[in-house]
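Written below as structure tokens is the structure these notes are about.
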Amino acid sequence: MLLNSNKASTLVLAEHEGGSIKAQSLSAVVAANSISQDNSVSMLLAGSGSSLQQAAKRAATCHPSVSQVLVADSDKFEYPLAEPWAKLVQLVQQKGGYTHVIATSGSFGKNILPRAAALLDVSPVTDVVEINGAHQFVRPIYAGNALCTVRYTGSSPCMLTVRSTSFPVPPISANAKSDGAPISQVDLSTLDEDSIGKSRYIKLSSEDTERPDLGSARIVVTGGRALKSAENFKMIEKLAEKLGAAVGATRAAVDAGFVPNELQVGQTGKIVAPELYMAFGVSGAIQHLAGMKDSKVIVAVNKDADAPIFQVADYGLVGDLFEVIPELLEKLPEKK
Amino acid sequence: MVAVKRVVDYAVKIRSGVETQNLKMSMNPFCEIAVEEALKIKEAGLAQEVVAVTIGPANCVDTLRTGLAMVADRGIHVEAARELVPLTVAKVLKRLVKVENPGLLILGKQAIDDDCNQMIAGLLGWPQGSFASKVVLEKEKQVATVDREVDGGLETLCLDLPAMITTDLRLNQPSYATLPNIMKAKSKPIKKYTPEELNVEIKYDLEVVQVTEPPKRKAGVILSSIDELIDKLKSEAHVI
């Protein structure tokens, strides 16, 4: 039944790692604030063991809007599999009756939220970039070439995935609530076992890196296929190191095997919006632009003066990246 | 079972107030990858039959014929005049799965305007391998080992069949249907249904209010030297 009052209650599906809440999950909390002035925000965490409990304590003070932390502690949640998570969301929603359920639109949210929406018999609204009230949202379509405003007219809960780059988290000073939000353990005794256990986590292959997280870095340095080899891509990494930046890549560079898939920026990779985005040897295909055109400052270096990337670049340099990058490395000031 | 969606061709430049009447339409690129994967599975002898499904108005049959030309033995067209919301699409596909009983359901991970395919797995209670970049089926064990492209890298899952897979770009390279196969496709059977015949209630819980163009970026400048670039980044943009 659609609630007509302005009072909202939001369940945020949060991710955590190594005892900390992931930065993108905080964007979901910020998004919740746009839904209604009167909105109580609960954060749901799942996992097992001490890193979960530690993350819960952090969640309790991570943002002043969080009024409750719910913790689902079980082996079933050791890895963020969609099947148990969707059942968990269904269980928590049935007990809590939230008006809204939000996750950020990274691989976690995109994998889990639609499945949970199906269990709750509602259509989700995905990849939201703007919230115009409790039931009206704006989302990009056609690789970001158009913005579609949709109104949700169904029953509670209204379920959303939101782009973290559209809901930046302001720096948070020490929380006024010194103890933070209350933490409660979710009673999993009635968790429907059906469909859990049919999927098993085997492993995660990822690159160990000290580079900042691509999704939230202040500066991103991206290389395209013009780098020609994985070996040459090291130049991009060196430049990123100098700037304290994250490394990104185009789909072409990933397809060619220069770098692993998690560095891909674009419509089907990560969406980023850093302060500074530097693109080297990137032609600027629509699908790539979809992933970075909301960056504050865009720099493009390409041998081809007609490359589409120059249409979105604030500063362009027509030149050979194999000459430009070494010169930049030499002349750039050391990162502060 | 492979689901295919007819969308505006991804290379078409969209202007504001999207008018799709006369735009070039083609199969969603991710659906092409789904079709190709079905082809590989069939060629490996792991599937006896491939059924292609599409949901939408009459002209969606074109997309279905492409699926038939590529690999599918039969097609199913669920006719719906108006664009259905994700939940209804999921319910229709669920009904078809109950009718057809496939061991594997393959869909594209996203289309030009939506990415809700995980819903179907939820309704079916099937395990899901979304954003798949590699799928290995083991018939005797009745499992699928799936590599998924996730934010943190490549995640490997093992799923009991029947399961649902959504395709990511690197799963395969779609091939083209040969002319003989395109001709053969014309006589392959397509069964038609309406959502009502499948006992699916058409519910609309999403409404498009408007479609607008995003704000344009201010035009940039081409600089003439690296010194100038560094200077601009420092003193004008204040980013370094």
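Laboratory data are not the source of any read-out in this text; all were calculated from the coordinates shown. Since we're looking at a predicted model, the values are computed, not measured. In this analysis, Cβ positions are derived from the backbone assuming ideal geometry, glycine residues included, and neighbour counts consider all displayed protein chains.
For this structure, a couple of remarks:
- Label sites at A:Ser205 and B:Glu49, each approximated as a point 7 angstrom past Cα along Cα to Cβ, lie 3.6 nm apart.
- Between the range B:134-154 and the range A:259-336, the alpha-carbon center distance in angstrom: 33
- Inter-part distance where the range B:164-182 and the range A:117-167 are each reduced to a Cα centre, Å: 30
- For the peptide A:312-323, the mean number of other protein chain Cβ atoms found within 10 angstrom of a residue's Cβ is 4.
- Computed over the protein assembly as shown, the per-residue total of -39500 (n - 2.57) for DSSP H runs of n ≥ 4 gives a 222 nm mean residue ellipticity of -8000 deg cm²/dmol, rounded to 500.
- Cross-link partners of B:Lys141 among lysines (Cα-Cα below 27 Å; sequence separation of 8 or more within a chain): A:Lys76, A:Lys87, A:Lys198, A:Lys203, B:Lys40, B:Lys42, B:Lys94, B:Lys98, B:Lys109
- Label-point separation in nm, A:Lys95 to B:Ala237, each point 7 Å along Cα→Cβ: 4.9
- For A:Lys238, a cut-off of 22 angstrom between C-alpha atoms picks up these lysines, skipping any fewer than 8 places away in its own chain: A:Lys228, A:Lys270, A:Lys303, A:Lys331, A:Lys335, A:Lys336, B:Lys232, B:Lys234.
- Modelled spin-label separation between B:Glu196 and B:Thr212, with each label point placed 7 Å from Cα along the Cα-to-Cβ direction: 3.9 nm.
- Taking a ≥ b ≥ c as the square roots of the eigenvalues of the alpha-carbon gyration tensor, the protein assembly as shown is classed oblate because a/c is 1.5 or more while a/b is no larger than b/c.
- Crossing angle, helix B:29-43 versus chain B [Cα axis fit, 0-90 degrees, rounded to tens]: 40
- A Förster radius of 35 Å combined with the Cβ-Cβ distance from B:Glu100 to A:Asp38 puts the calculated FRET efficiency at roughly 0.15.
- Extension gain, A:Thr153 back to A:Asp192 (0.36 nm per residue minus Cα-Cα distance, nm): 11.2 nm
- Positive-end residue, chain A charge dipole about Cα centroid, Cβ charges, pick of A:Gly47, A:Ser195, A:Thr61: A:Thr61
- FRET efficiency, 1/(1 + (r/R0)^6) with R0 41 Å, evaluated for B:Gln142 and B:Tyr204 via beta carbons: 0.60
- Cβ neighbours within 10 Å from other chains - mean over A:192-202: 5
- Other protein chain C-beta atoms within 10 Å of residue C-beta, averaged over B:222-230: 6.
- Relative to the longest principal axis of the Cα atoms of chain B, helix B:86-100 runs at roughly 30 degrees.
- Each part gets one Cα centre, and for the range A:41-71 versus the range A:214-255 those centres are 34 Å apart.
- Residue with peak Gaussian network fluctuation, chain B [Cα springs, cutoff 10 Å], from B:Arg217, B:Arg82, B:Arg95: B:Arg217
- Net charge of the neighbourhood of A:Ser166, taken over other residues with C-beta under 9 Å away and scored Lys/Arg +1, Asp/Glu -1, is -1.
- Under the membrane-span-like helix rule (DSSP H runs whose alpha carbons stretch at least 24 Å along the helix axis, mean Kyte-Doolittle hydropathy -1.0 or higher), chain A yields none.
- Chain B shape via C-alpha gyration tensor axes, a/c threshold 1.5: prolate
- The phi-based Karplus calculation (6.51 cos²θ - 1.76 cosθ + 1.60; θ = phi - 60°) puts the 3J(HN,Hα) values of the range A:186-194 at 6, 6, 9, 5, 9, 5, 5, 6, 4 Hz, whole numbers, x for Gly and Pro.
- The range A:287-336: C-alpha gyration tensor shape, a/c 1.5 cut-off, then a/b vs b/c: oblate
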